[in-house]
Amino acid sequence: MDHNAQLHLLAVGYDTAIMQVVERLLNSHEGWNGTIALSREEGLARLGAASFNAVLLCVGVSASDEAIFREAVAAHHPATKIIRHYGGGSGLLENELRAALDHNNL
């Protein structure tokens, strides 16, 4: 990924207050464009409408919902990484993304 490229991230979670924080954290990084979805349906609709470098599965996303997201990503955007995010603040979130995407310039 070149230094001028924008990193597009979708975060799906079912707690509005927490997801607003996640959205703020994602968008506080230069070159990151974070979008949130507050339901499985909204997340799948966003996946269908745009391409993302990574999908973060956050608070409230069940194992069965995760399977549905993995299936949708595999079918339509196989290069998109899926990351389970369990919380823990901006440093952990950034490290999870760096590890999953294996980019030093995120």
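The values are calculated or read from the model by the stated rules, or taken from the named source; none is laboratory data. Just so it is clear, the structure is predicted and the values come from calculations on it, not from any experiment. All Cβ positions, even for glycine, are placed from backbone atoms using ideal geometry, and neighbour counts span all protein chains on display. To get the accessible areas, we keep the full protein, side chains included, count just its heavy atoms, and leave off ligands, DNA and RNA. Shrake-Rupley method; radii C 1.70, N 1.55, O 1.52, S 1.80 Å.
For THR16, the conditions (1) among the β-branched types (Val, Ile, Thr); (2) under 13 Å from the mean Cα position of the chain (by Cα); (3) loosely packed, with under 13 Cβ neighbours inside 10 Å are fulfilled apart from (2). The set of residues from the stretch 65-106 being farther than 23 Å from SER39 by Cβ, open to solvent by 40 Å² or more (accessible area, probe 1.4 Å) and either modelled with pLDDT of 75 or more or hydroxyl-bearing (Ser, Thr, Tyr) (or both) comprises PRO78, ALA79, SER90, GLU94, ASN95, ARG98, ALA99. Residues that are touching a strand residue (DSSP E or B) at 6+ places or on another chain (Cβ under 7 Å) and either outside any helix (DSSP H, G or I) or in contact (Cβ under 8 Å) with a residue 40 or more places away in the chain (or both) were ranked within the stretch 24-38; the one that is surrounded by the fewest Cβ atoms within 10 Å (Cβ to Cβ) is GLY31.
Has the stretch 1-13 got any residue that is out of contact with any strand residue (DSSP E or B) (no Cβ under 8 Å at 6 or more places or on another chain) and buried (at least 16 other Cβ atoms within 10 Å of the Cβ)? No, the stretch 1-13 has no match at all. Scanning the stretch 44-64 for residues that are hydroxyl-bearing (Ser, Thr, Tyr) and either part of a helix (DSSP H, G or I) or at pLDDT 95 or above (or both) yields SER62, SER64. With (1) modelled with pLDDT under 95; (2) open to solvent by 60 Å² or more (accessible area, probe 1.4 Å); (3) of a type outside the set (A, V, I, L, M) as the list, and GLU41 as the residue in question, which single condition is left unmet? The one condition GLU41 does not meet is (1).
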